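Below: one structure, written as structure tokens.
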Amino acid sequence: MAKSLLDSVMTICLRRGILFPTAEVYGGLAGFYDFGPVGTRLRNNLIRLWRQHFIESQDFVYEMSGTTLLPAPVFKASGHLDHFTDPSAECPRGHITRIDQLIEEKLKIQAEGKSNTELSEIVRKGKLRCPVCGDFLGDVKSFGLMFGTSVGGERRQAFLRPETAQNIFLAFKRIQTATRSKLPLGVAQIGKSYRNEISPRQSVVRVREFGQMEIEYFINPDNLNECPLFSDLKNVQLPIVTQKVQQEAAEKESTEYSTKLVTVEEAFNKGIVPNQWMACILGNEMKFIPQLGIPKEVIRFRHMRPEETPHYSGGNFDLEIKLSIGWKEVIGNAYRRDHDLQAHMKESQKDLSIDIEGTKVIPHVIEPSFGIERLLYCILEHTYRPKDESRGWTWFQFPLHLAPYEAVFLPLLQRPELEEIARQLYEKSRLLNLSVLYDERGRIGRRYARADEIGIPFAVTIDPQTLEDNTATLRSRDTAEQIRHQLEDIPSLLQERKQRKGF
Ligand code: GAP
């Protein structure tokens, strides 16, 4: 049987130590992955680019860094303790299965928003069995997704956060005061979140510990149609899947959706999105994602159906990316109104409103929420290149600004004089703050293959001709073309390319 794309991508990831199961030597722990040196560089580069694009380019956005463990009342107020569950059913042998996913996969029926009784009925009528052992499935129950613990001698109940957002709501008032900000104010956080998923799967697409990059934009409710980013973003094209399209597809028992291409300005003017801010947030994402090597054609914004969104939502739009395993939500964009601040005010009895010209205002919030590992997986799939006649190995075509290293230095032969020059050039490049590798082991073809496999854009080869004319070849990963350059020009050439690699 042909290998799936996910398996092909994971084969390189394991071989090159990009990412791999946590505690592998003990058989792993389902839903947990570690990143090796190359994966960590990729992940850090993705975070750097996100920070540049969404935080540093906007003077009203600040970054915070909160703890991952928070006291129980936080999640009482946020609703996670009571409602953050997935429907599941157990078979007599004790295997627990996530039922909404099973129904959608096997019966192609939308399960979101259905009660446990309705889901039990679908399981029974659809004759669904335990996917692990084939035994029958019991009644559908709600399975809590929070990881809980108790803290200190007083054993205070606490939970690992399932999203980074809650720290931001809790810190909002302090940050607003400390930065002397008016509205709009954006507070961003990059960090780990934890969900005790019933069926973690598909590599890092669904895991139990993952990174999120979230921003809460706090906006004066009177100014939801005055986004400072509008003039820059109004012409960006948005591929939207409307609720109507989904409704019509559901009537035909289909999950194939057509997209409507509109500009940010049209999306706002025609009321496709709830306000100008939401239109701009989607536009900004549409500017960012294709620069990661993900083609525009595989991106869409799906307007979530009413049964998928909480009652307080003013409109949610998921950015979805098409993968070999189907369309996956990678960014959740939610217009949360003032729900979170109101909920924490009620639970904590603290005033989180701010004073605007003598009036107490509770800001409205729009939240884009990115999953780091899921986005990284999308990048891996869309930059993966299979072997072909011209190249006998698989490789990744990472954009220059994401690639884990800028170049690798290779002496062609195991001769001390070639190795010496290659090392000197490598050290010189490091001094210029370039991320470079030195590799002298194995046949040159194998070394090019190793470099391509981890997506290094350039390889510099020192060969016997170098000793005669002080030149070396610069090989491009994308074309495999090699061009000779003077040795002294090479570090600055690489540096020039690095400087060009920002967005
Ligand atoms: N604060 C809103 C929030 O957390 P979400 O839609 O539950 O919204 C946002 O999550 C993003 O986090 C998702 O779009 C996805 O990229 C990522 N994510 C959520 N659960 C995940 C999981 N179990 N494994 C990997 N990534 C996940």
**Request:** Give the residue that is most open to solvent (accessible area, probe 1.4 Å), with candidates limited to residues of region 266-277 that are assigned to a helix (DSSP H, G or I) and out of contact with any strand residue (DSSP E or B) (no Cβ under 6 Å at 6 or more places or on another chain).
**Result:** 269
**Request:** Considering only residues that are part of a loop (DSSP other than H, G, I, E, B) and open to solvent by 90 Å² or more (accessible area, probe 1.4 Å), look in region 343-352 and name the one that is nearest to residue 276 (Cα to Cα).
**Result:** 350
**Item:** Set 151, 123, 140: member being open to solvent by 40 Å² or more (accessible area, probe 1.4 Å) and more than 27 Å from the chain's Cα centre (by Cα)
**Value:** 151
**Message:** Among the residues of region 289-312, are any free of Cβ contacts under 8 Å to residues at least 40 places away in the same chain, open to solvent by 60 Å² or more (accessible area, probe 1.4 Å) and of a type outside the set (D, E, K, R)?
**Reply:** yes
**Prompt:** Looking at (1) open to solvent by 50 Å² or more (accessible area, probe 1.4 Å); (2) within 16 Å of the ligand (Cβ to nearest atom); (3) part of a strand (DSSP E or B), which is the only condition residue 355 fails?
**Reply:** (2)
**Request:** Under 9 Å between Cβ atoms, at least 6 apart or on separate chains: pull out the pairs that start in region 155-180 with a residue that is of a type in the set (Lys, Arg) and end on any residue that is assigned to a helix (DSSP H, G or I) and away from the ligand (no atom under 16 Å from the Cβ).
**Result:** 156/72
**Complete:** Checked pairs for region 195-207, first more than 6 Å from the ligand (Cβ to nearest atom), second hydroxyl-bearing (Ser, Thr, Tyr) and not in a strand (DSSP E or B), C-beta under 9 Å and 6 or more apart or across chains, list as 202/377; 203/377; 204/377; 205/377
**Single unsatisfied condition, residue 59 versus (1) acidic (Asp, Glu); (2) crowded, with 18+ Cβ neighbours inside 10 Å; (3) assigned by TED's automatic domain parsing to the domain that holds residue 215** = (2)
**Request:** Pairs only if they're at least six apart or on different chains, beta carbon under 9 angstrom, first in region 385-397 and hydroxyl-bearing (Ser, Thr, Tyr), second open to solvent by 60 Å² or more (accessible area, probe 1.4 Å); list them, first residue then second.
**Result:** 394/385; 394/386; 394/387
**Fill in**
The condition from (1) outside any helix (DSSP H, G or I); (2) out of contact with any strand residue (DSSP E or B) (no Cβ under 7 Å at 6 or more places or on another chain) that residue 28 misses is numbered (2)
**Matching residues in region 234-256 - criterion: being buried (at least 17 other Cβ atoms within 10 Å of the Cβ) and touching a helix residue (DSSP H, G or I) at 6+ places or on another chain (Cβ under 7 Å)** = 234, 236, 238, 240
**Request:** Taking only region 298-322 into account, find how many residues are in a helix (DSSP H, G or I) and in contact with a helix residue (DSSP H, G or I) (Cβ under 9 Å, 6 or more places away or on another chain).
**Result:** 2
**Message:** Quick check on my filter: what residues within region 404-434 are more than 28 Å from residue 390 (Cα to Cα), open to solvent by less than 60 Å² (accessible area, probe 1.4 Å) and under 36 Å from the mean Cα position of the chain (by Cα)?
**Reply:** 425, 426, 429, 434
**Prompt:** So which of 180, 174 ends up being at positive phi and away from the ligand (no atom under 16 Å from the Cβ)?
**Reply:** 180
**Item:** Residue in region 360-376 that is touching a residue at least 12 places away in the same chain (Cβ under 8 Å), within 12 Å of the ligand (Cβ to nearest atom), under 30 Å from residue 445 (Cα atoms) and buried (at least 20 other Cβ atoms within 10 Å of the Cβ) present
**Value:** yes
**Asked** How many of the residues making up region 244-260 are at pLDDT 95 or above and in a loop (DSSP other than H, G, I, E, B)?
**Response** 3
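The values are calculated or read from the model by the stated rules, or taken from the named source; none is laboratory data. All values derive from a computational prediction rather than experimental measurement. Neighbour counts are summed over all protein chains in view; Cβ atoms, including those assigned to glycine, are modelled from backbone coordinates with ideal geometry. Quick note on the areas: whole protein, heavy atoms, side chains included, nothing else; ligands and nucleic acids left out. Shrake-Rupley method; radii C 1.70, N 1.55, O 1.52, S 1.80 Å.
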